[in-house]
1. Averaged over A:269-279, how many beta carbons belonging to a partner chain fall within 10 Å of each residue's beta carbon?
2. Taking the Kirkwood radius as the inverse of the mean 1/r across Cα pairs, report the Rg/Rh of the protein assembly as shown.
3. Could you give P(r) for chain A, binned at 20 Å from zero, as whole percent values over all Cα-Cα pairs?
4. Kirkwood Rh, region B:102-438, all Cα pairs: how many Å?
5. How high is the FRET efficiency between A:Thr36 and A:Val263 when r is their beta carbon distance and R₀ equals 45 Å, given to the nearest 0.05?
6. Do the alpha carbons of any pairs in A:Lys209/A:Lys229; B:Lys99/B:Lys198; B:Lys198/B:Lys419; A:Lys398/A:Lys444; A:Lys360/B:Lys304 sit beyond 20 Å of each other, and which pairs?
7. Could you identify which residue out of B:Ser225, B:Ser206, B:Ser298 has the top mean-square fluctuation in a GNM of chain B using Cα springs shorter than 10 Å?
8. Over region B:102-438, what is the mean sequence separation of C-alpha contacts under 8 Å (at least six apart), divided by residue count, expressed as relative contact order in percent?
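Read-outs throughout are calculated quantities, based only on the coordinates presented, and are distinct from any laboratory measurement. Predicted, not measured: the structure shown is a model, and the values here were computed from it. Ideal geometry is used to build each Cβ from the backbone, glycine not excepted, and the neighbour counts take in all protein chains shown.
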Amino acid sequence: MSLIEELHKTIATTYEVDAQTASTQTFEFPLMPLGTAYDMGRDAQGVPLFDPRIFDSREFQRNPYPYYRILRDHYPVYHDKLHNCYFVTRYNDIAACYFDGLGYNTIPKGSSNHVLGNTQLELSGIEHSRRRNLYGRHLVGAALTKRIGAICKLANEMIDEWFNPESGMTEYDPATGKYTMELGKAFANEFPIRVVCQVLGFPDEARDKFYYWYKYMMGGIGGRDYEQKGLMARQDLEDFVESIVEERRLKPNFLLDDEGNEVAPDIISELCKTIVDGDVLSTEEITSNIALIVGGGGETTRGAILNMWYLLLQHPDQMEAVLNNDPLWDAAFHETLRHSSSIGGQPRQNTFDVELQGVKVPTGSLMHMVDFSANHDERIFSDPEKFDVLRNDLYSEKILRSGYSKDGRTNHMAFGVGPHLCPGAWISHQEGSIGSSIMSKRIKNVRIATDRMAKDIDGVSLAPIGLGAINELWLEFEAI
Amino acid sequence: MSADYGSPTVEHEAAAGDDEAGYRSYEVYQRERVGSPPPVKPGQLRTQDYLDDPYTLLANLRHYGPSFRDWQGNAFWITHYNDVTSVLVDSANFATRSKRWFYGLATFGRDLRNNVPFLTAQAAGIDKHAPVVAREIVEAFATRGTADLATEFAALFPLQLLGRTWGIPDADLPVFVERYLRMQRGSRWNVANQEAGKQAMLQLVSYFTPLLAARRADPQDDVLSALATLEIDGPAIDAHDVVATLLEGDHETLHGALANMWYLLLTHPDQLNMVNNTRRLVKYAYFETLRHSTPVLSGERFAKREVERFGLLIPEGALVICSAAGANRDETIFRDADQFIVGRKDLVQREPRGQYRADGLPAGITPALGTPSKFPALPVGRPRSLYAITRDIATIASHALLDATSNLQLAKGAQPVLKSRGYGELHTCWHLPVTFTAK
Ligand code: HEM
């Protein structure tokens, strides 16, 4: 072969191989048995390689945990050069970064900017702490305890509808005496929104509008056409809030208990009289805060409730234990969030050059704190892939604020930790456990209506939860 | 804090005392909400849509506004001609990161590309070898009457030329090229390629170690000898430096430029005819190719500090993607920007200077193909810029092709396209079958 022919062949081979392996598009990861990672090759020392395209794959959506394990074990700070970011995957590293609000600020949340506006999610340092407690305190402790009665009432109202044939929430089969329903439609989609709506102090007639705002603002975070609608929804919310704010600035509104006594002012009334930097909040700021609660309080809690029932029903012994011991709903709620949370993690940006786990990260890099992975870190939780309501290493009381571990038990990371710890943690915990407890007292012999559920790749077993929350949960049950 | 949390750097400790340092002001970010939503989704610019046809998406971005923030990739896209050139020449505020950094081998060897003896040897070597290599390559297929200009001409030429100018013996060339390509492919996001690339780098170090010693003992007329005898501060030049220098160069870009130029000429037969009849237009065809279909779609720069530009606050460390493809089709700069017009009147028809302009006219931007010279005139003792050199090589190679063939045209039924095979890869024509009559 002449030199030119030989060269030509060498080059052509390289490009051909490239065309097959290096493309961002044509490569499809095979779907693996749950818990097993696809072999992405090894380096000269035998360390598994990690291909960043996996993050965009279907395989990763349904079976993320073995991949996170590779990251935790071999690349605790992984530089993803395809997506120009870093992934931090060990619990302790993530917790340390979250607590260091100055070193790891929250700016990358540009995702919500266009639609939600500027919220405390994007702020760090003093700017954040000044605004953080505007209403956070109204969602916890004594202030919340006062609201529990109202939460129970909302839950019961919704459950009543299941047994009302007009409502269309359930299908009833008189022959077997069984009801069938989709838990999301019949309960989980709306319940958290109703709670938030009430806590905010929106008048009941605003509820329909609330769904509109919620749906379009959430949809709008994706971009493009949806975003236009999202912006319109936000404008609408802003107009609405403006009128309420004007009203409540003059005359605060109160939440009432069953006897009609004033329990506590609603959150908008609280925000109206709040003073930051020597001045009251502008309507714009109040709207952004409300938009954040509207966004943060719905989808997340919905996912937690659906995932919890899905997991419990697939572990009948644990379901049994919970049904026999009401306080276990708390543990079940938290174990669900540890095992399969509805939020994957949070982005941060490092304010300084840092070296973390031997990796040098230049200032201003996008660093993803992977809460999913923290929750499955075997350095913290033993046998992390196992769903175990009774596990003794998970802390499941009221979430810890200043630390993340107590008496050998550790918080899960689904609410984050540190300065941005989810202020809705306690209320969503109440929604999840109280709502479910009430449900469990009104229905019995609950089963997953398997034939209506999404299946995994074998076409037989139920689809895994994977990243995020399941879409639908079909249940079959009898009335009590 | 846990024990295995890496300790923050000293810089971090010092600044941690300063309460103001850690957050952005509320107001600046507030501004981002104003305006209409961006026309593309974050991440869409990494999909095949973009790799196949970047120009439609980029036109959307250009019309949308001066910049687009892709928050998923921590990147700011800029697409207006004047903005892109302003960043590419602003090394005070924007830095590049070396391929070795992407490899995670930032301290591997030294990049010696800016040393004058190296530049001089490179220019001299290219001048000497380019015409010879061009002829050899064209002769290999000239009698056949058919050829694939992408693989047999455009891809081959730069690599064989590289081997000759560096002084790689012909016998070693196939092995050298294989390793070289493997090394270059590893400098991006693909981990398997990166592993293979690391191996290739080590193999190249072993290859160059004896060769470098030999050239030091007995210097020849080639680039390797210039490196072997180069005197700079610090330890003597070793094979790692040679490999680093080789890695940081962008020899393949010329492949893209040649392939795109011939793709454009062959798909515009009237222009090809014109160029064939008036050979001085070959050079203009090359300039117009850089503008119309740059093989490198964008240049990446990282903000060295927080800067407010293009209506946005760009945080320190953010990636600014300077879209050459977007800028080159800026209709406020080029008339009928989407058309391929050899010798167009609104394009500078010689080497631009610093700001990508000369004679008051803009030039096409192709990152990684040699930056235009900053100097208004060629300084004494320096070779001409890499921009000028690559232009000359492309012209020489194309002349050789025209000299050896007549009736050069696309093979019957051939429908060549320009596309990237993966994110960050050349946007070029991978197969360009032609037929011709041998002269
Ligand atoms: C199971 C349900 C929920 C989950 C998993 C969840 C998760 C989270 C997480 C991980 C964060 C931290 C963000 C960060 O570190 O940057 C967060 C913040 C936040 N959440 Fe939740 N959340 C839930 C329910 C709620 C509810 C019910 C509300 C409102 C009533 C709410 C309102 C907020 C707000 C306002 C923030 C921003 C706090 C700040 O940045 O200071 N969340 N949430």
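1. On the way: counts 0, 0, 0, 0, 0, 0, 0, 0, 1, 0, 0.
So the per-residue partner count for this stretch is 0.
2. On the way: Rg = 31.8 Å, Rh = 30.9 Å.
Over the Cα atoms of the protein assembly as shown, Rg/Rh equals 1.03.
3. Per 20 Å bin, starting at 0, the Cα pair percentages come out as 21, 54, 21, 3, 0.
4. Working: mean 1/r = 0.0472 Å⁻¹.
Roughly 21.2 Å, rounded to one decimal.
5. Working: r = 52 Å, r/R0 = 1.16.
Plugging the Cβ-Cβ distance into 1/(1 + (r/R0)^6) gives 0.30.
6. Numbers: A:Lys209/A:Lys229 14 Å; B:Lys99/B:Lys198 12 Å; B:Lys198/B:Lys419 27 Å; A:Lys398/A:Lys444 29 Å; A:Lys360/B:Lys304 16 Å.
Correct reply: B:Lys198/B:Lys419; A:Lys398/A:Lys444.
7. B:Ser206
8. Normalised by residue count, the contact order of region B:102-438 is 22 percent.
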